[in-house]
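Below: one structure, written as structure tokens.
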Amino acid sequence: MLLKRSPDLKYSDVTPRQVYLNRRKFLFGMGLTGGVALAGKNLANLLYPSVRAYASTKLEGVVKGPFSTDEKVTPEGLVTTYNNFYEFGTEKRDPSKNSGKFQTSPWSVSVEGEVNKPRKFTMDEILKLAPLEERIYRHRCVEAWSIVVPWIGFSFSVLANLVEPTPKAKYVAFESYFDPKQMPLWKYAGIQLPYVEGLRLDEAMHPLALLCVGMYGETLPNQDGAPVRMVLPWKYGFKSIKSLVKIKFVKNQPQTTWNITNAHEYGFYSNVNPKVDHPRWSQARERRLPGYFKNTPTLMFNGYADQVASLYNGMDLVKNY
Ligand SMILES: Nc1nc2c(c(=O)[nH]1)N[C@H]1C(S)=C(S)[C@@H](COP(=O)(O)O)O[C@H]1N2
Ligand SMILES: [Mo]
């Protein structure tokens with residue numbers, strides 16, 4: 001329905017434009033390649049100046065968590081300026097430019113539905129539920145680019161177990177914060193808001209499923225989903241819902257934003273799968289940012305097959321895309 005109001009800003013139109021813009025960035029960057037090799041990380045951060053300064057603070061007592069990849073971490077300044085957060089605009093630069101004044105304190109998350117102990121968690125309570133772990137995960141966007149991010153948080157199952165899901169709980173429905181006043185560009189998002197996502201209960205309870213409160217040693221910048229979000233490293237990035245306010249345990253498979261928007265292209269599962277192409281582009285390879293070429297092979301379940309493949313035993317992953 002919203003798509004009709006802004007046909008020029010459909011998701012389908014965003015990608016080709018991004019590719020075009022990135023080509024320009026690349027051509028500019030080529031001249032600096034030698035310099036990058038010399039100055040390494042610092043120059044990379046200079047090229048992608050971070051605009052996270054607003055609210056992030058250092059997170060204390062962070063321990064090393066399980067499942068970290070030893071691949072090269074993407075420069076922080078790029079991860080905080082190349083975002084999908086449609087509530088703050090559809091261009092990659094928009095969320096970093098437009099989310100600076102987003103109020104994320106006080107904040108609470110309501111956990112409800114098929115649970116014995118429904119309750120609200122304040123952000124302070126969430127931060128104390130479990131030791132904060134740094135987990136360096138690959139992140140694969142459905143648009144065929146990828147990054148490697150040192151997220152901070154703990155398994156979602158910690159929070160879930162506290163509210164005691166009943167036997168009727170088969171799925172978990174997630175909802176993002178939505179305030180048209182703070183997110184004036186919502187009108188051009190081309191998606192129905194608030195942003196909603198969902199997981200099967202066993203997916204949500206998998207230890208890899210991260211309730212994320214920070215990155216790069218600090219609290220989450222607004223553009224990356226402050227103050228709390230999900231990170232599901234074996235699924236396309238859009239499953240990793242930002243700025244969570246509601247978590248509901250439910251009997252039936254919940255609706256999800258991109259499935260509502262375009263069911264033909266975005267399924268409920270959305271597991272990273274190099275063998276199932278997007279209707280409009282191949283998913284076999286990805287562009288590992290800040291690189292330009294789409295020359296990194298995409299791995300089944302984004303490289304997390306050993307951990308998660310058994311969740312999908314006996315399922316047709318072409319049908320359940
Ligand atoms: N609320 C909300 N959550 C969202 C999105 C969004 O537009 N709104 N975009 C998704 C997509 S498509 C991706 S790739 C990731 C991007 O996370 P990052 O910007 O922190 O890398 O967030 C996901 N979560
Ligand atoms: Mo994405």
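Just so you know, all these numbers are worked out from the coordinates, no wet-lab data involved. Since the structure is predicted, the reported quantities are computational estimates derived from the model, not experimental observations. Positions of Cβ are generated from backbone atoms using ideal geometry, with glycine treated the same way; all protein chains shown enter the neighbour counts.
Considering only the stretch 147-176, state which residues are within 16 Å of ligand 1 (Cβ to nearest atom) and touching a helix residue (DSSP H, G or I) at 6+ places or on another chain (Cβ under 8 Å).
Those that are within 16 Å of ligand 1 (Cβ to nearest atom) and touching a helix residue (DSSP H, G or I) at 6+ places or on another chain (Cβ under 8 Å): ILE147, VAL149, PHE156, VAL172, SER176.
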Looking at GLN283 and the list (1) in contact with an Asp or Glu (Cβ under 9 Å, 6 or more places away or on another chain); (2) assigned to a loop (DSSP other than H, G, I, E, B); (3) within 13 Å of ligand 2 (Cβ to nearest atom); (4) within 24 Å of TYR177 (Cβ to Cβ), which single condition is not satisfied?
(4)
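Give the number of residues within the stretch 238-296 that are among the aromatic types (Phe, Trp, Tyr) and under 30 Å from LEU162 (Cα atoms).
Residues meeting the conditions: 5.
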When the stretch 217-226 is checked residue by residue, the ones that are in a loop (DSSP other than H, G, I, E, B), more than 13 Å from ligand 2 (Cβ to nearest atom) and surrounded by 24 or more Cβ atoms within 10 Å (Cβ to Cβ) are LEU220, PRO221, ALA226
Could you grab me the full set of residues in the stretch 63-83 that are buried (at least 21 other Cβ atoms within 10 Å of the Cβ) and closer than 25 Å to ALA209 by Cβ?
GLY65, THR74, GLU76, VAL79, THR80, TYR82, ASN83
Before we move on, is ASP306 among the acidic types (Asp, Glu) and more than 22 Å from ARG135 (Cα to Cα)?
no
Filter the stretch 57-79 down to the residues that are β-branched (Val, Ile, Thr), part of a loop (DSSP other than H, G, I, E, B) and closer than 21 Å to TRP234 by Cα and list them by number.
THR69, VAL73, THR74
Which residues, counting only those in the stretch 239-256, are at negative phi, buried (at least 22 other Cβ atoms within 10 Å of the Cβ) and touching a residue at least 60 places away in the same chain (Cβ under 8 Å)?
SER240, ILE241, LYS242, LEU244, ILE247, PHE249, THR256
